[in-house]
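Reviewing the structure listed below.
The values are calculated or read from the model by the stated rules, or taken from the named source; none is laboratory data. Since this is a predicted model, take the numbers as computed values, not measurements. Note that each Cβ is placed from the backbone with ideal geometry, even for glycine, and that neighbours are counted across all protein chains shown.
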Amino acid sequence: MKDCLNSVFLLGILQQVKFFFVSKVLIAISGNLDRQLVARLLEDEDIAYYEVTDQVLEEKFLNSAGLIIVDTIHARKYAQLISKTKNSTNYFLPVIILLPPFEKAENWLTGVFDDIIRIPTSRRELKTRLLMYL
């Protein structure tokens, strides 16, 4: 019983530490439905996020991110800025790119991007893959 209570206590501490390090998830997805799906999923998990839609992605938003999720449009536009931010942090800043089925993954998994998620995908897979980085 004591071991079980200790495990629950440690799990609570780990969750607090997780939220301390992950201040926000940055969502830079051009498609409304995909962006809303990711946003709702994060809301359901009580994870703070910031959405980049048509405005310019500023470095200050990247510096406060604990996870970055982009589509190919934003990836092409901001790859250098994201790379610069990743290289200047003293922690692992994961960047996930959402790819359509026809896009080759090999072109993206070099340097800046850490993982891909093929879209469309199920909510369950999306949740599992995103929470893995948090």
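Identify, please: which residue in segment 101-125 is acidic (Asp, Glu) and under 28 Å from residue 44 (Cβ atoms) and is, among those, surrounded by the fewest Cβ atoms within 10 Å (Cβ to Cβ)? Walk me through it before giving the result.
The first filter runs over segment 101-125 and keeps only residues acidic (Asp, Glu), leaving 103, 106, 114-115, 125.
Checking which are under 28 Å from residue 44 (Cβ atoms) leaves us with 103, 114-115, 125.
On the way: 103: 15, 114: 17, 115: 16, 125: 11.
The selected residue is 125.
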(request) Filter segment 22-44 down to residues that are farther than 23 Å from residue 78 by Cα and either surrounded by 15 or more Cβ atoms within 10 Å (Cβ to Cβ) or modelled with pLDDT under 90 (or both), then give me how many there are. (result) 1
(request) Residues being modelled with pLDDT under 90 and over 16 Å from the mean Cα position of the chain (by Cα): count how many of those fall in segment 85-101. (result) 3
(message) Any residue that is in a loop (DSSP other than H, G, I, E, B), modelled with pLDDT of 90 or more and surrounded by fewer than 12 Cβ atoms within 10 Å (Cβ to Cβ) - is there at least one of those in segment 46-64?
(response) yes
(message) For the list (1) surrounded by 14 or more Cβ atoms within 10 Å (Cβ to Cβ); (2) more than 17 Å from residue 35 (Cα to Cα); (3) of a type in the set (A, V, I, L, M), I need the number of the one condition that residue 98 fails.
(response) (2)
(request) Tally the residues that are out of contact with any helix residue (DSSP H, G or I) (no Cβ under 9 Å at 6 or more places or on another chain) and either assigned to a helix (DSSP H, G or I) or of a type in the set (A, V, I, L, M, F, W, C) (or both), restricting the search to segment 93-126. (result) 6
(message) For the condition in a strand (DSSP E or B) and in contact (Cβ under 8 Å) with a residue 24 or more places away in the chain, what is the one hit in 42, 67?
(response) 67
(request) Write out, first by first residue and then by second, each pair whose Cβ atoms fall under 6 Å of each other, whose residues are 6+ apart or on separate chains, and whose first residue, in segment 108-121, is under 23 Å from residue 84 (Cα atoms) and at pLDDT 95 or above while the second is part of a loop (DSSP other than H, G, I, E, B) and hydroxyl-bearing (Ser, Thr, Tyr). (result) none
